[in-house]
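Notes for the one structure printed next.
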Amino acid sequence: MSSPIPTLDPHLPTSLSEVTQLVQSELDAAEELIQKNLASDVATVASIGEYIVQSGGKRLRPMTAMLVARALGHRHDEIVVLAVLLEFLHTATLLHDDVVDRSQRRRGRKTVNLLWGNAPSVLVGDFLYSRSFQLMVQLGRMDIMSVISEATNLIAAGEVKQLEHVRDPDLSEADYMDIIRCKSALLFQAAAETGATLANASLDEIEAARLFGLHFGLAYQLMDDLLDYAGDSGHLGKNVGDDLREGKSTLPLIFAMRYSSEDHAKLIRSAIREQSAEDTAEIMRVVKNSGALGYTRANALAQTHLAKSSLFRLPPSRYRDGLNHLADIALERIQ
C-alpha cells in the first residue's frame, strides 16, 4: 500500500513564485551573500562571477534546504549560509559539466566555457568548490560537512561514470538511473537532509527530508531528459537534442531503442556512437512515436509521488505544503 500524501491547504502556494514567497527574505539574503562571496581581486574570477549572478537560476536547491529547515522549526540565519554553499556546489558542477559536454548554452545564455574558454571555466568551478567549503567551516557543523562531502564525492563519481558511458548505446536503464541519482539527485538530497540537520530534527524527520530530496531530484532530472526531446530551445534555455549530440543514452533513447523497429534502433545507436546531430529531427520523431516520452514521464510521476509521500513524516506547516507543491514543478514543465 502506498504512503499517504499530505493534505494541502487550498489557500497555500500553488506556483513556483508563491512557493518562493515563503522564503523570499532568506533568498534575498542568499543573493547578497552570493555576490559577496563571488567578489575577488582576480579579474577573471570577478568577471565570471558577475556573469553567473546575472544568469540567475531558480535556486531550487537552496529553496529546498530553506523550506525543509523552516518546516522543522529552524529560524536562524545559518540557513542562508547553507543555501549559498549549496548553490556554489551546484554552479561549480555546471561549469565543469559544460566543459566536458562542450555545451554552448545554459539558462538561455552563452556558457562560460564558450565565452572565456575551458581552463577559466574549470578553475572558477574549483574556486566555487573551495568557497563552498569555506562556508561549511563557517557553519561549524561536522554533521552537515559529512553529508555535503559524501554527496560531492558521489556526484564526482557519477560524472565520471557518465563520461565512461558517453557514446554507449548499450547503457542499461539501471545504470542510467544510478548516473542521474549521483549527478543530479544527490545534491537535492543533500540540500533537504542538511536543511533538516541544521534544524536539529529527529532521525526520522532527517530521513524523510533526505528521501524527499532524492526522489524530487530524480523526478526533476527525468523531466529534464524528457524535455530534451519534447521541449523547445527558448523554453529550455539550451539546445533541444543536446543529449544526443553529446552521445548520452538517456531514458527516452533507451526506451525508444528497446521498442522501436530494428532500423530505427540502429539509427539511434549510430547517432549516439558518432555523437551526430545529422538525424536529430528523425530521431526525435522516433522517440515521440515509440511511447518513450510517456514512459519517462510515468517514471518521473512515480518519483514525485515518493517525494510527496515522504513529507507525511514532517509536521504540518505552510513550508511542508510549499515542499509538496515544489515537487509538482518538475512535472509541470511540460503539459
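Consider segment 51-65. How many of its residues are assigned to a loop (DSSP other than H, G, I, E, B) and crowded, with 16+ Cβ neighbours inside 10 Å?
The number of residues fulfilling the criteria is 2.
Per-residue answers, yes or no, for (1) within 30 Å of Lys248 (Cβ to Cβ); (2) modelled with pLDDT of 90 or more:
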residue: Gln35; (1), (2): no, yes
residue: Ala39; (1), (2): no, no
residue: Glu50; (1), (2): no, no
residue: Thr64; (1), (2): yes, yes
residue: His76; (1), (2): no, yes
residue: Leu85; (1), (2): yes, yes
residue: Thr93; (1), (2): yes, yes
residue: Gly117; (1), (2): yes, yes
residue: Phe127; (1), (2): yes, yes
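Return the only residue of Ala277, Ala256 being among the aliphatic types (A, V, I, L, M), more than 19 Å from Leu94 (Cα to Cα) and modelled with pLDDT under 90.
Numbers: Ala256 fails: modelled with pLDDT under 90.
Answer to the check: Ala277.
Does at least one position in segment 320-330 carry a residue that is part of a helix (DSSP H, G or I) and more than 23 Å from Ser17 (Cα to Cα)? Show your work before the answer.
Start the filter on segment 320-330 by keeping residues that are part of a helix (DSSP H, G or I), which leaves 320-329.
Going one step further and asking which of them are more than 23 Å from Ser17 (Cα to Cα), we end up with none.
Looking for residues that are part of a helix (DSSP H, G or I) and more than 23 Å from Ser17 (Cα to Cα), one finds none in segment 320-330, hence no.
Mind checking whether some residue in segment 284-294 is within 22 Å of the chain's Cα centre (by Cα) and either within 30 Å of Ser17 (Cβ to Cβ) or β-branched (Val, Ile, Thr) (or both)?
We begin by selecting, within segment 284-294, every residue within 22 Å of the chain's Cα centre (by Cα); these are 292-294.
From what is left, the residues that are either within 30 Å of Ser17 (Cβ to Cβ) or β-branched (Val, Ile, Thr) (or both) are 293-294.
Checked against the condition, which is being within 22 Å of the chain's Cα centre (by Cα) and either within 30 Å of Ser17 (Cβ to Cβ) or β-branched (Val, Ile, Thr) (or both), segment 284-294 yields at least one hit.
Taking the stated definitions as given, is Ala46 more than 21 Å from the chain's Cα centre (by Cα), in a helix (DSSP H, G or I), modelled with pLDDT of 85 or more and crowded, with 17+ Cβ neighbours inside 10 Å? Talk me through it step by step, then tell me what you get.
Values: more than 21 Å from the chain's Cα centre (by Cα): yes; in a helix (DSSP H, G or I): yes; modelled with pLDDT of 85 or more: yes; crowded, with 17+ Cβ neighbours inside 10 Å: no.
Here the answer is no, as Ala46 does not meet what is asked.
Out of Asp168, Asp204, which single residue is farther than 12 Å from Ala307 by Cβ, touching a residue at least 40 places away in the same chain (Cβ under 8 Å), not in a helix (DSSP H, G or I) and not β-branched (Val, Ile, Thr)?
Asp168
With segment 208-319 as the region, which helices (runs of 4 or more DSSP H) entirely inside it contain at least 3 residues that are surrounded by 16 or more Cβ atoms within 10 Å (Cβ to Cβ), of a type in the set (A, V, I, L, M, F, W, C) and out of contact with any strand residue (DSSP E or B) (no Cβ under 8 Å at 6 or more places or on another chain)?
Filter on segment 208-319 gives 251-259, 262-274, 280-290, 292-310.
Out of the residues in segment 117-140 that are in contact (Cβ under 8 Å) with a residue 60 or more places away in the chain and over 18 Å from Ala39 (Cβ atoms), state the one that is surrounded by the most Cβ atoms within 10 Å (Cβ to Cβ).
In this case the residue turns out to be Ser121.
The rows are residues; the columns are (1) of a type in the set (A, V, I, L, M, F, W, C); (2) within 20 Å of Asn37 (Cβ to Cβ); (3) buried (at least 19 other Cβ atoms within 10 Å of the Cβ).
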residue	(1), (2), (3)
Leu72	yes, no, yes
Leu89	yes, yes, yes
Asp101	no, no, yes
Arg109	no, no, no
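Could you give every pair whose Cβ atoms fall below 8 Å, whose first residue belongs to segment 53-66 and is of a type in the set (Ser, Thr, Tyr), and whose second residue is in a loop (DSSP other than H, G, I, E, B), counting only separations of at least 6 or pairs across chains?
Ser55/Arg107
So that you can scan it fast, the table gives a plain yes or no per residue for (1) more than 17 Å from the chain's Cα centre (by Cα); (2) under 17 Å from Val45 (Cβ atoms); (3) assigned to a helix (DSSP H, G or I):
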{"site": "Leu67", "(1), (2), (3)": "no, no, yes"}
{"site": "His74", "(1), (2), (3)": "yes, no, no"}
{"site": "Ala83", "(1), (2), (3)": "no, no, yes"}
{"site": "Glu87", "(1), (2), (3)": "no, yes, yes"}
{"site": "Thr91", "(1), (2), (3)": "no, yes, yes"}
{"site": "Asn113", "(1), (2), (3)": "yes, yes, yes"}
{"site": "Gly125", "(1), (2), (3)": "no, yes, yes"}
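The values are calculated or read from the model by the stated rules, or taken from the named source; none is laboratory data. What you see is a predicted model, and the numbers here were worked out from it, not measured in a lab. All Cβ positions, even for glycine, are placed from backbone atoms using ideal geometry, and neighbour counts span all protein chains on display.
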